[in-house]
Amino acid sequence: QFFVFCHGLLQLSQLLVSGYLKSSISTIERRYGLSSQTSGLLASFNEVGNTLLIVFISYFGSRVHRPRFIGCGAVLVSLAGFLMSLPHFITGPYEYDQSVASTFSNTTDLCQPGVPGSWGNLSNAGCTPHAARENHEVLLVMFIAQVLLGIGGVPIQPFGISYIDDFASERNSPLYLGILFSVTVIGPGVAFMLGSAMLRFYVDIDKVTGDDVQLTNKDPRWVGAWWLGFLVAASLVALSAVPYFFFPREMPKEVGEVLQIVLHTNTLYFPLVLLRNLRHPVYLLVVLAQVNLSAMVAGLATFMGKFLERQFSLTASLANMIIGAVNIPGAMVGIVVGGAILKRFQMSLRQCSAMCVLGMFLCLLLAFPLLFLGCPTQKVAGITYSESSEFGHHALECNLQCNCPEKAYNPICGSNAIEYISPCSAGCSIVNINADNSVLNYTNCSCISENGLAGFARPGTCGTGCSHLFLPFVVLSCLAGILASTSHTPSFMLILRSIQPEDKSFAVGIQFMLLRVLAWMPGPVLYGSAIDTTCIFWEKKCDRKAACRYYDNNLFRQR
């Protein structure tokens, strides 16, 4: 029982490391200027290390000291977690365009007519070869960490489960495995909650004093302390790894012993079983269905937070809170309900597949309105909106005298409800400051005209004005998730009962292998690429595309 407790703890903290990345992905994109395709590849890269080794590990399972192997895997996972946070410590502080001169820079992004040189240092700042190299190093470190995370995770689940199954009594084994299974489902939820907590802190909380931070977490330039969660999760993994080095190779079996048949998969036997399973139509169809569903889940888990942030103008912290507290528990409820129905009505295989189809169909019905629950991107001058249609060429000329740099990004919302990408592009020449050094508003803006007078603007984005649709979206997506996940257990039953008993463990292994290669790896990358195609304004870093500043929200939602 102590082993089961330790294993639950280890699985939870391992999932914290891998799940936490998904919760902070939009923040890491912003901090290091990544496209969603790149961040999607990063998020699924741990599966690479995992897939390469999982077959060997399952094969050698009974011949090694399993607890010690699990311990070594956990040490690797913990190392990977610490590596993930390393980029924060090897790069300089996060830089963003400011209207108020600070300790970091005396340039401001106001409209300064007749000072053509005032911008030079901002537009090319950080374009030294050193900066470009720094960015490559960051990506390299993170990709290596993800591979290590995958490799370290390999022995944890298979060895833990087989060890428990070997030495637990027949009566208790299902209970223990059930406990572990529920932990693996709760894990990602806890990871998103951890993300929600950490992203409330400013990224350079360890490098700058509070007075120097002029951003609030509602600002589109805000970057939360993404690295902090990796330190927390990695430390937890390191702690949970310790007991494994003291467990024996074998335990006396719990009382209530029943004769056990150990199956050794013979090497020659391997290709024959593979062919036999893959030729089995039920097995193949169910696995393909699971692949489609899992690819969707993998893509959504990675980018759902980002979607909520953009579509409903939420902070990253709140988006993670919703996913961790609503969507993931919803999926858990669905899985439990599905299993309960299955047990209560002792369903046949045909009824199992009918239940899967029904669950999916109802899920589709509820998810269909989600296509329409959202708003278009807010009006952004020069990007989604041009005034020239109304005022002749006024829009092009109103900020010519300001010599604005192309890459300035400090969104403000004009009194005319139009967003401008920087105070300079709105032609604002005066900034008013609160007592705590934060920006109150911008005045004397030549591009914002109201009744012929120069208008004013407040800092921050105008937002999408979609808050009234947020609740219906969350409710529908949660219900759709519950319905889809009711098919989880019946689809497993279809696989387990339709193949020959002696192929069972092998068939499940192949199933997970196919899920990894066809769903969990490509899922986030495909989703990321699709999201990138909806970008309408890219941040430029050293003449290359970096992170996306504005998406076409309608396309983002539909695709």
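The values are calculated or read from the model by the stated rules, or taken from the named source; none is laboratory data. If you're wondering where the values come from, they're calculated on a predicted model, not measured in any experiment. Ideal geometry is used to build each Cβ from the backbone, glycine not excepted, and the neighbour counts take in all protein chains shown. Accessible surface areas use protein heavy atoms only, side chains included; no ligands, DNA or RNA. Shrake-Rupley method; radii C 1.70, N 1.55, O 1.52, S 1.80 Å.
On the basis of being under 12 Å from residue 317 (Cβ atoms), in contact with a Lys or Arg (Cβ under 9 Å, 6 or more places away or on another chain) and either buried (at least 18 other Cβ atoms within 10 Å of the Cβ) or among the acidic types (Asp, Glu) (or both), does residue 229 make the cut? Full working, then the answer.
On the way: under 12 Å from residue 317 (Cβ atoms): yes; in contact with a Lys or Arg (Cβ under 9 Å, 6 or more places away or on another chain): no; either buried (at least 18 other Cβ atoms within 10 Å of the Cβ) or among the acidic types (Asp, Glu) (or both): yes.
Against the criterion (under 12 Å from residue 317 (Cβ atoms), in contact with a Lys or Arg (Cβ under 9 Å, 6 or more places away or on another chain) and either buried (at least 18 other Cβ atoms within 10 Å of the Cβ) or among the acidic types (Asp, Glu) (or both)), residue 229 does not qualify.
Residue 126 is checked against (1) modelled with pLDDT under 80; (2) in a helix (DSSP H, G or I); (3) within 30 Å of the chain's Cα centre (by Cα) and fails just one. What number does that condition carry?
With respect to (1) modelled with pLDDT under 80; (2) in a helix (DSSP H, G or I); (3) within 30 Å of the chain's Cα centre (by Cα), residue 126 is out only on (2).
Starting from residues that are modelled with pLDDT under 80 and at positive phi, keep the ones in segment 382-432 and report whichever is least open to solvent (accessible area, probe 1.4 Å).
392
I need a count of the residues in segment 449-477 that are modelled with pLDDT of 85 or more and within 14 Å of residue 423 (Cα to Cα).
7
Does residue 549 satisfy the criteria of being over 20 Å from residue 421 (Cα atoms) and in contact with an Asp or Glu (Cβ under 6 Å, 6 or more places away or on another chain)? Spell out the reasoning first.
On the way: over 20 Å from residue 421 (Cα atoms): no; in contact with an Asp or Glu (Cβ under 6 Å, 6 or more places away or on another chain): yes.
It is false that residue 549 is over 20 Å from residue 421 (Cα atoms) and in contact with an Asp or Glu (Cβ under 6 Å, 6 or more places away or on another chain).
Condition check ((1) more than 23 Å from residue 215 (Cβ to Cβ); (2) without any contact (Cβ under 8 Å) to a residue 12 or more places away in the chain; (3) out of contact with any helix residue (DSSP H, G or I) (no Cβ under 9 Å at 6 or more places or on another chain)) across all residues:
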| position | (1), (2), (3) |
| --- | --- |
| 421 | no, no, yes |
| 431 | no, no, yes |
| 438 | no, no, yes |
| 445 | no, no, yes |
| 450 | yes, no, yes |
| 468 | yes, yes, yes |
| 471 | yes, yes, yes |
| 476 | yes, no, no |
| 490 | yes, no, no |
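Being at pLDDT 90 or above and hydroxyl-bearing (Ser, Thr, Tyr) is the filter here; which residues of segment 177-202 pass it?
196, 202
Under 6 Å by Cβ, and 6 or more places apart or on different chains, what pairs join a residue from segment 38-62 that is assigned to a loop (DSSP other than H, G, I, E, B) with one that is at pLDDT 70 or above?
45/143; 45/146
Within segment 211-226, is even one residue more than 19 Å from residue 86 (Cβ to Cβ), touching a Leu at 6+ places or on another chain (Cβ under 8 Å) and charged (D, E, K, R)? Write out each step before concluding.
Applying the first criterion (more than 19 Å from residue 86 (Cβ to Cβ)) to segment 211-226 yields 211-222.
Remaining after also requiring touching a Leu at 6+ places or on another chain (Cβ under 8 Å): 217, 221-222.
When the remaining residues are screened for being charged (D, E, K, R), the result is 221.
Checked segment 211-226: at least one residue is more than 19 Å from residue 86 (Cβ to Cβ), touching a Leu at 6+ places or on another chain (Cβ under 8 Å) and charged (D, E, K, R).
Just to be sure I understand, how many residues within segment 171-185 are in contact with a Gly (Cβ under 9 Å, 6 or more places away or on another chain) and either open to solvent by 60 Å² or more (accessible area, probe 1.4 Å) or not assigned by the TED database to the domain that holds residue 4 (or both)?
Count: 2.
Using the structure shown, decide if residue 476 is touching a Ser or Thr at 6+ places or on another chain (Cβ under 6 Å) and closer than 28 Å to residue 304 by Cβ.
Numbers: touching a Ser or Thr at 6+ places or on another chain (Cβ under 6 Å): no; closer than 28 Å to residue 304 by Cβ: yes.
In short, no.
With the requirement that a residue be under 14 Å from the mean Cα position of the chain (by Cα) and either within 30 Å of residue 355 (Cα to Cα) or hydrophobic (A, V, I, L, M, F, W, C) (or both), what does segment 319-339 give you?
Taking segment 319-339 and keeping what is under 14 Å from the mean Cα position of the chain (by Cα), we get 319-324, 327-328.
Of everything in segment 319-339, those that are under 14 Å from the mean Cα position of the chain (by Cα) and either within 30 Å of residue 355 (Cα to Cα) or hydrophobic (A, V, I, L, M, F, W, C) (or both) turn out to be 319, 321, 322, 323, 324, 327, 328.
Could you list, ordered by first residue, the pairs with Cβ atoms under 6 Å in which the first is in segment 66-86 and open to solvent by 60 Å² or more (accessible area, probe 1.4 Å) and the second is at pLDDT 95 or above and in a helix (DSSP H, G or I), at least 6 apart or interchain?
Filtered contacts from segment 66-86: 75/241; 82/234; 86/141.
Is there a residue in segment 288-300 that is outside any helix (DSSP H, G or I) and either open to solvent by 10 Å² or more (accessible area, probe 1.4 Å) or within 20 Å of residue 523 (Cα to Cα) (or both)? Give the derivation first.
Restricting attention to segment 288-300, the residues satisfying the condition of being outside any helix (DSSP H, G or I) are none.
No, segment 288-300 contains no residue that is outside any helix (DSSP H, G or I) and either open to solvent by 10 Å² or more (accessible area, probe 1.4 Å) or within 20 Å of residue 523 (Cα to Cα) (or both).
Identify all residues within segment 358-381 that are closer than 19 Å to residue 421 by Cβ and open to solvent by less than 70 Å² (accessible area, probe 1.4 Å); write none if there are none. Can you show your working first?
Looking only at segment 358-381, we keep the residues that are closer than 19 Å to residue 421 by Cβ, and these are 376-381.
Within segment 358-381, 377, 378, 380, 381 meet the criteria.
Please indicate, with yes or no, whether at least one residue in segment 347-357 is farther than 30 Å from residue 460 by Cα, in contact with a helix residue (DSSP H, G or I) (Cβ under 9 Å, 6 or more places away or on another chain), of a type in the set (Gly, Ala, Ser) and in contact (Cβ under 8 Å) with a residue 12 or more places away in the chain.
Among the residues of segment 347-357, at least one is farther than 30 Å from residue 460 by Cα, in contact with a helix residue (DSSP H, G or I) (Cβ under 9 Å, 6 or more places away or on another chain), of a type in the set (Gly, Ala, Ser) and in contact (Cβ under 8 Å) with a residue 12 or more places away in the chain, which makes the answer yes.
State which residue is nearest to residue 301 (Cα to Cα) when the search covers only segment 191-209 and only residues that are open to solvent by 60 Å² or more (accessible area, probe 1.4 Å) and not aromatic (Phe, Trp, Tyr). Full working, then the answer.
Going residue by residue through segment 191-209, those that are open to solvent by 60 Å² or more (accessible area, probe 1.4 Å) are 193, 200-201, 205-207, 209.
Retained after the next criterion (residues that are not aromatic (Phe, Trp, Tyr)): 193, 200, 205-207, 209.
Working: 193: 14, 200: 20, 205: 28, 206: 29, 207: 31, 209: 34 Å.
It comes out as 193.
Here is a yes/no grid of residues against (1) open to solvent by less than 60 Å² (accessible area, probe 1.4 Å); (2) without any contact (Cβ under 8 Å) to a residue 40 or more places away in the chain:
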site	(1), (2)
480	yes, no
493	yes, no
504	no, yes
511	yes, no
521	yes, no
526	no, no
530	yes, yes
533	no, yes
551	yes, no
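Test of understanding: among 188, 220, 248, which residue is loosely packed, with under 14 Cβ neighbours inside 10 Å and either in contact (Cβ under 8 Å) with a residue 40 or more places away in the chain or more than 21 Å from the chain's Cα centre (by Cα) (or both)? Before you say what the answer is, go through the steps one by one.
On the way: 188 fails: loosely packed, with under 14 Cβ neighbours inside 10 Å; 220 fails: loosely packed, with under 14 Cβ neighbours inside 10 Å.
The conditions single out 248.
Do we have residue 515 as open to solvent by less than 50 Å² (accessible area, probe 1.4 Å) and more than 22 Å from the chain's Cα centre (by Cα) here?
On the way: open to solvent by less than 50 Å² (accessible area, probe 1.4 Å): yes; more than 22 Å from the chain's Cα centre (by Cα): no.
Here the answer is no, as residue 515 does not meet what is asked.
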